[in-house]
């Protein structure tokens, strides 16, 4: 059945979505419901781990070949590969989006309600929806009074799109290095890199881990700079009991379909300052709202992504091409979802085809926010359990939580030392453990972003050579965590 849902979502739904209608008919909405129900059962953490004490153990899932072949009596079935991530979308989320396609006398109300819910989730008074996190930052920086010649300081290790947004706004970009054994902005490096011209410091809570905001804010105050949190990968995490996004003058977030909390697309600015919120909203006032046909396509994409990231469909339809790409030295998923660094990106703060979130995106986002606490706790539990198992593995550095932080583990990024992470990754994939090098990079090495200090961020450069992401999502059960840990331990010791 799950294969049927997978094929349906990929082959049939896009045909319906391609029909150019202003408002889809009810029949077009209802055609996704069987897929959504199956996706909800297969992708929800509760279904993935449902095996109460005393109950009969769940059947062992079959391998991709075993799905179509009869198992010989007495021979155990091969376990399914463990995907690197799982979609957080449920049937309830997608159904809420479908229902939001209905015509409304107040089309702006769902977005306002979503903004209010997002502001509450981040401990802020105001939230303003935007086409993307990049567009959100590009609108926020001028709203903070920054002008030509002012500097914005970013971590050297990260996603190029954020410093590109600052460049697009006509600002100067500086980089500070990350910690020696992790991927987060180092407060000491901030103090060394900051100048009297630095107006904004942007700590990025990468991979769901939380930066040392006390040290970063102290370094910023020394020169009168403000702090803007980049919480794109850390919604639901906290610093000293306060939600990520609640510190500094403002925060920016993204809600893309691959995020642990998604609205299918879009970004958000949060702040306590009513004037800043009004200026950001004014700068975004000319952006178009996502039309109904595009929203339906996003719903279809979300349903397909949820189905494809469920283990049975992943094993049958995604895993074989990934292994084929592995032979060619290419990560097909990163090529599909990632974005290649482009010097032209520094001249544009928007992405082609991106539009402001509308009623559909707002409905999906509110549905996701209603489960934020449960989502955060499930990911935190899985991340901490895996980190505890791997902490003493030689040649491997696992995520270390900054004291005072409560991370969400949106990804499980490790540093592999003494061996090539590509080699370890290939060996793990042969054992059914999906892993990836990711798409973050040493932005300080990109001259077109202002990275004019070769060798000035040695820890970011070493991160580029050592990073390897292991599977992590809230639906990981104890058996899957044990399987990942045993495979990593054994392969690291063999390569040592």
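So how do 303-315, 100-112, 235-247 stack up, highest first, on mean other-Cβ count within 10 Å?
Per-residue Cβ counts within 10 Å, averaged per peptide and sorted highest first, yield 303-315, 235-247, 100-112.
In 10 Å bins starting at zero, report the fraction of Cα pairs in the range 355-481 per bin as a rounded %.
11, 31, 31, 22, 5, 0
Could you give the distance between the Cα centres of the range 162-226 and the range 254-306, to the whole Å?
Between the Cα centres of the range 162-226 and the range 254-306 lies a distance of 25 Å.
So what are the range 207-287's ellipsoid semi-axes, whole angstrom, largest first, if each one is the square root of 5 times an eigenvalue of the alpha-carbon gyration tensor?
Whole-Å semi-axes of the equivalent ellipsoid: 22, 19, 9.
How much length is gained on full extension from residue 278 to residue 381, taking 0.36 nm per residue of separation minus their Cα-Cα distance?
33.2 nm
So, how do all the Cα-to-Cα distances of the range 105-283 break down into 10 Å bins, in percent, from 0 on up?
10, 42, 37, 10, 1, 0
Quick note: the coordinates plus some simple rules give every number you see, no bench work behind them. Model, not experiment: these values are computed from the prediction. Glycine gets a Cβ as well: all are built from the backbone with ideal geometry, and neighbour counts include every protein chain shown.
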